[in-house]
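Working notes for the structure below.
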Amino acid sequence: MKSRVALVWCVVMLAGGCSAWNWRAMRSQSPEKNDADRSATVVVGDLAVPHSMFPVVLENVGLVVGLKGTGSDPKPSPQRTALLGEMRTRNVENPNRILASGDAALVLVRAVMRPGIQQADEFDVEVRVPSQSETTSLRGGVLLETQMKEMAVMDDNALHTGRTYGIAKGPVLVDPSANPKTDRILATRGRILGGGKALKSRPLALVVKPEQQSLYNIRQIQNAVNARFQVFDKGSIKTGVAKAWDEKYIELKLHPRYKENVQRYMAVVRSIALREREAERQERLGHLERQLVDPISCWRAAIRLEAMGKDAIAVLKRGIQSDDPEVRFASAEALAYLDETQAAEPLGEAARNVPAFRVFALTALSAMDDYAAADQLRQLLHVPSAETRYGAFRALWAMNPQEAAIRGASLGGQFSYHVVETSAPPMIHVTRSRRAEIVLFGRQQRFLTPVALEAGNRILVTGMKADELVVSKFAPNEPDQKRTVPNDVDAVIRAIVELGGTYPDVVQALQQAKSAGALASRLEVDALPEAGRAYERAVAGENGSAKGDAGEAAPRATSPMPDLFTKTRGMDREEDSDRPDKPAKTTENAPDPVEKPGPVRAFFDRMKGRSAS
């Protein structure tokens, strides 16, 4: 009888997909357990690994038109054949005549779709001419609509195309300082900011480890994740973010609060507990609170507490009362993603005073749906630091594009334009990634006369008087057009757009004005806060540099890198300064530097070698 009962018991336990003994063994063998965390609770990361966290490269051949005799007729090649086929598909008349006109150029189009991108989201596009092309410049050109696909050369040495993920089109931004005669490479490549549009979303996913694959485990993961995160489907139906397709694959919807920080979202999801009694949960809260007050372990503890949700709020609120800046910031960051008001003030303080925490603080504030967070960002619009000021602008825009302090307009359907009131010195900010955008920090900024500027191939800005400028357009087969406007940067930008100018045209005029000493305001390009900066603790080494324990190098914030401030990489020949293996620039809250007219520097590289603050 005893043998029969024992046999039935074993069969029941095995039918559950995971025996009690195997479950406890699995809990004790987790490779990700922190030695200081003695809790045996199993988390999602013990059973599953992230999937679809890599970027997808899209490519195709495209046609840039609107060039002023700087294009070329492409030589016979597979690219030309593919382009002609696409033009015929779109019913373009006399495609060979267009290619031979000298006002068009065959280009290679490339884009990178980030993990978690959603349908209709925009992304940057790179264009460049083939190596054997006779095109001398892409300035003033516009890329016609191009389908963006996965492409690869297989073992048969033939080019194969995959699915179409997006479309690309728009005006090409070329370095305004590039001279086609002396710098052909730079003149024949460019970007279309936000010129790509995703045709489908890229869902995130978890893949269960081979040794843990079972229907029991997959249901445990799905239920645990859905208990922590829900989204509104079709506007009103609340559903969980996780959906299991089989015993090894779980699709994840991106929670809106983490739309600008996908890496953190995945880190939090992988820290969600699977099977935990209330007593065990309280015990783990105690362990995590002890880790949270230690600067060495506070970053990881904060992520795990964030994964626990509302139960961890009280612990994190005690963390923001700590005297240690790292503990205080890690606690505030986690509270922000739980949308707790108390996180706003310490995050604003960190963004203002601690460069190592700035990028994470601004992103966390943007994730909150709270007036206190918006108020902190509005205050940061008035600090001297360029990257803090613009970082606060971008965070406010991500929080609410209609926020009164930064609300702008779309000029001519070409780019986003904003005039922001600030008590800090006047500044003009332009972007070279993410979206075409110009921000004027301060009204009534003026050019210094006499001035003569080019805005693309067809528009000139000239002026001899101190109080007025003339914006003129000269185009073949069109009557000449002129606008006389006040000597005001805002008025000139609007006049250029009224005459048909594009975002690259306006940026070119601003860059020329700055290089010629005709613009008194500060001009910044992608003045973004950066990750990877060392944090200087209060205790310094003998030489005054920050030191950790036992003479170790200065610590760095280990929070996941947010997407809100990432730069588009690999689209310029001079991108070495953006490489993650190189030390980040040192940025302090210094006043505007005194800038003197000098040699023209490359637009995409003009920030190299000097602070963005």
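Coordinate-derived values only; no laboratory data. Just so it is clear, the structure is predicted and the values come from calculations on it, not from any experiment. In this analysis, Cβ positions are derived from the backbone assuming ideal geometry, glycine residues included, and neighbour counts consider all displayed protein chains.
If you take the Cα Rg of region 177-290 and divide it by 2.2 N^0.38 Å, with N the number of residues, what do you get?
With N residues counted in region 177-290, Rg over 2.2 N^0.38 Å equals 1.63.
Please give, to one decimal in nm, the separation of the simple spin-label points placed at Ser423 and Ala279, each 7 Å out from Cα toward the Cβ.
Here the answer is 5.8 nm between the modelled labels.
How large is the Kirkwood hydrodynamic radius of region 366-457, in angstrom, based on all distinct alpha carbon pairs?
14.3 Å
If you add up the charges near Val470, with Lys and Arg at +1 and Asp and Glu at -1, over every other residue whose beta carbon is less than 14 angstrom from its beta carbon, what do you get?
-2
Mind jotting down the distance between the C-alpha centroids of region 369-403 and region 405-482, whole Å?
Using only Cα atoms to place each centre, the spacing works out to 23 Å.
Which FRET efficiency value, to the nearest 0.05, is calculated for Trp245 and Asp339 with the Förster distance at 41 angstrom and r the Cβ-Cβ distance?
0.85
Among residues other than Glu260 whose Cβ falls under 12 Å from its Cβ, what is the net charge (Lys/Arg +1, Asp/Glu -1)?
+4
Using the count of nearby Cβ atoms within 10 Å as a rough guide to exposure, how do Glu260, Glu454, Glu333, Glu530 rank from fewest to most? Intermediate values should be presented prior to the final figure.
Working: Glu260 23, Glu454 16, Glu333 29, Glu530 19.
If I rank by nearby Cβ atoms, fewest first, I get Glu454, Glu530, Glu260, Glu333.
Rank-order 433-446, 220-233, 75-88 by packing density, defined as the average count of other C-beta atoms within 10 Å over each peptide's residues, highest first.
433-446, 220-233, 75-88
What spacing in nm lies between the two simple spin-label points modelled at Lys238 and Asn91, each 7 Å away from Cα in the Cβ direction?
Each label point lies 7 Å from its Cα, and together they span 5.0 nm.
Which value results when the Cα radius of gyration for region 56-198 is divided by 2.2 N^0.38 Å?
1.02
All other residues with a Cβ under 12 Å from the Cβ of Ala105 taken together, and with Lys, Arg as +1 and Asp, Glu as -1, what is their net charge? Let's see the in-between values first.
Working: positive: Lys68, Arg80, Arg128, Arg139, Arg189; negative: Asp73, Asp103, Glu134.
Net local charge, Ala105 excluded: +2.
Measure up Lys238/Lys259; Lys68/Lys169; Lys149/Lys209; Lys149/Lys234; Lys68/Lys181; Lys243/Lys567 against 23 Å on the Cα-Cα distance and list the ones that go over.
The answer is Lys149/Lys209; Lys149/Lys234; Lys243/Lys567.
I need the P(r) histogram for region 446-520: all alpha carbon pairs, bin width 5 Å from 0 out to the longest distance, whole percents.
In order of increasing distance, the bins hold 3, 18, 33, 27, 13, 4, 1, 0 percent.
In percent, what relative contact order does region 56-198 have, based on Cα pairs under 8 Å that are 6 or more apart in sequence?
Numbers: 341 pairs, mean separation 42.0, N = 143.
In percent, rounded to a whole number, it is 29.
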